[in-house]
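Undergrad: I'd like to ask some things about the structure below.
The values are calculated or read from the model by the stated rules, or taken from the named source; none is laboratory data. Remember, predicted model here, so these are calculated numbers, not experimental data. Neighbour counts are summed over all protein chains in view; Cβ atoms, including those assigned to glycine, are modelled from backbone coordinates with ideal geometry.
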Amino acid sequence: ILSLTLSIILMVPAALFAQEEETTEEEIVEPEPEPEELIFDTKLPKIQAKEGETFSFNFDVAYKPGDEPFGIEEGKSEKTFDITVDYPTGWIAAVASGSTEAPAINLKFNSMESLRLVAIPLITQQPGEYDFKITFNSAVEGDTLEGSIEFTAVAPPTYEISLTTKTGMLSTELTSGKDNHYKLILTNNSSTSVENISLSSTEPEGWQVSFDKDKIESMEADEKIEIDVTINPPEKTIAGDYMLTFGASSENSNDSFDLRVTVETPTIWGIVGIGIIVVVIIGVAVIFARLGRR
């Protein structure tokens with residue numbers, strides 16, 4: 001019994017010591033080394049610009065070397081990165097530092113660098129959103145460190161309608177006292193459809209002007225519509241030049257032009273006029289003849 005008791009007494013401290021040693025080993029945990037990374041920041045990841053304008057995105061990038069920067073020589077405090085830009089077809093884009101294009105850049109440890117993405121549409125873009133992606137790849141051989149940032153350019157719809165004559169001439173000849181038909185061409189030069197277009201005219205007092213289509217509900221982009229205009233100068237309009245103005249307007253766009261009109265009297269009135277002149281001449285001749293006899 002004494003031997004058993006002694007054995008137990010000897011085993012208890014050993015067990016307690018082993019438990020304490022195990023607990024101590026669990027508490028000592030080596031921290032993971034802080035990794036290298038690229039940090040990006042921008043205030044405006046999506047912007048809108050009018051047709052023909054340049055899209056400019058400002059952003060900041062920082063290189064955090066972490067605890068074990070790859071491929072950095074002792075005493076160095078920067079790393080070189082190659083810059084690539086993915087952009088949609090019909091665009092051209094590049095990253096710039098100040099006013100200089102930057103296909104590559106040296107980033108200092110833990111220091112923000114301000115850069116700019118410049119994107120220019122080479123052709124008229126359809127309304128919508130266009131995505132751009134900038135990627136920074138480490139230029140150090142064997143280094144897989146990379147980071148990227150994305151931007152969106154919003155191309156809003158453009159609205160432009162044009163109204164002109166079918167012949168392209170801004171003058172014509174009309175006959176007074178009758179309906180004269182004249183052709184106009186309405187074109188939708190917008191990048192999208194245009195709704196509710198109204199046609200109008202401004203003419204001399206007493207003239208009658210009407211359109212075969214004075215209201216157009218909708219026109220698709222690049223669509224053309226021929227408009228027949230009826231112009232009726234009053235019957236007693238004096239021969240000469242007059243000005244008419246034609247216009248087309250919608251909620252988003254409008255256009256107008258002036259048309260110079262030369263009014264000619266009808267043939268019958270020309271004959272009547274000649275007859276009156278002849279009668280006057282004969283009358284004057286008769287008067288002079290009678291006076292001569294006296």
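Undergrad: Are any residues in segment 170-205 on the phi > 0 side of the Ramachandran plot and at pLDDT 95 or above, and if so, which ones? Full working, then the answer.
TA: Going through segment 170-205, the residues on the phi > 0 side of the Ramachandran plot turn out to be 177, 196.
The answer is Asn196, and nothing else.
Undergrad: Give just the number: which of (1) surrounded by 13 or more Cβ atoms within 10 Å (Cβ to Cβ); (2) within 24 Å of the chain's Cα centre (by Cα); (3) not in a loop (DSSP other than H, G, I, E, B) does Pro157 not satisfy?
TA: (3)
Undergrad: Which condition breaks for Glu150 when tested against (1) over 23 Å from Glu68 (Cα atoms); (2) crowded, with 17+ Cβ neighbours inside 10 Å; (3) touching a residue at least 60 places away in the same chain (Cβ under 8 Å); (4) in the same structural domain as Thr54 (by TED's automatic domain parsing)?
TA: Looking at each condition in turn, Glu150 falls short on (2).
Undergrad: If a residue counts only when it is in contact (Cβ under 8 Å) with a residue 40 or more places away in the chain and of a type in the set (S, T, N, Q), which strands (runs of 3 or more DSSP E) contained entirely in segment 183-238 have at least 2 such residues?
TA: 194-202, 224-232
Undergrad: Provide a single number: the residues in segment 160-182 that are outside any strand (DSSP E or B) and surrounded by 15 or more Cβ atoms within 10 Å (Cβ to Cβ). Working first, answer last.
TA: As a first pass, look at segment 160-182 and keep what is outside any strand (DSSP E or B): 160, 166-170, 176-179.
This time we only want the ones that are surrounded by 15 or more Cβ atoms within 10 Å (Cβ to Cβ), so: 160, 176-177.
Going through segment 160-182 one residue at a time, the tally reaches 3.
Undergrad: Does segment 105-132 hold any residues that are on the phi > 0 side of the Ramachandran plot and polar (S, T, N, Q), and which are they? Reasoning before the result, please.
TA: Step one: filter segment 105-132 for residues on the phi > 0 side of the Ramachandran plot, giving 110, 128.
Asn110 - this is the single residue of segment 105-132 that is on the phi > 0 side of the Ramachandran plot and polar (S, T, N, Q).
Undergrad: Can we say Asp60 is loosely packed, with under 14 Cβ neighbours inside 10 Å and under 14 Å from Ile134 (Cβ atoms)? Explain how you work it out, then say what you get.
TA: Values: loosely packed, with under 14 Cβ neighbours inside 10 Å: no; under 14 Å from Ile134 (Cβ atoms): yes.
Here the answer is no, as Asp60 does not meet what is asked.
Undergrad: Of these, Ser253, Ser210, which one is under 30 Å from Pro127 (Cα atoms), polar (S, T, N, Q) and touching a Ser or Thr at 6+ places or on another chain (Cβ under 9 Å)?
TA: On the way: Ser210 fails: under 30 Å from Pro127 (Cα atoms).
Checking each option against the conditions leaves just Ser253.
Okay, residues lined up against (1) of a type in the set (D, E, K, R); (2) surrounded by 14 or more Cβ atoms within 10 Å (Cβ to Cβ); (3) more than 30 Å from Pro156 (Cα to Cα); (4) free of Cβ contacts under 8 Å to residues at least 24 places away in the same chain:
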{"residue": "Lys76", "(1), (2), (3), (4)": "yes, no, yes, yes"}
{"residue": "Thr89", "(1), (2), (3), (4)": "no, no, no, yes"}
{"residue": "Ser111", "(1), (2), (3), (4)": "no, no, yes, no"}
{"residue": "Ser114", "(1), (2), (3), (4)": "no, no, no, no"}
{"residue": "Ile123", "(1), (2), (3), (4)": "no, no, no, no"}
{"residue": "Tyr130", "(1), (2), (3), (4)": "no, yes, no, no"}
{"residue": "Thr144", "(1), (2), (3), (4)": "no, no, yes, yes"}
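Undergrad: Would you mind telling me which numbered condition in (1) of a type outside the set (A, V, I, L, M); (2) touching a Lys or Arg at 6+ places or on another chain (Cβ under 8 Å); (3) on the phi > 0 side of the Ramachandran plot Lys166 fails?
TA: (3)
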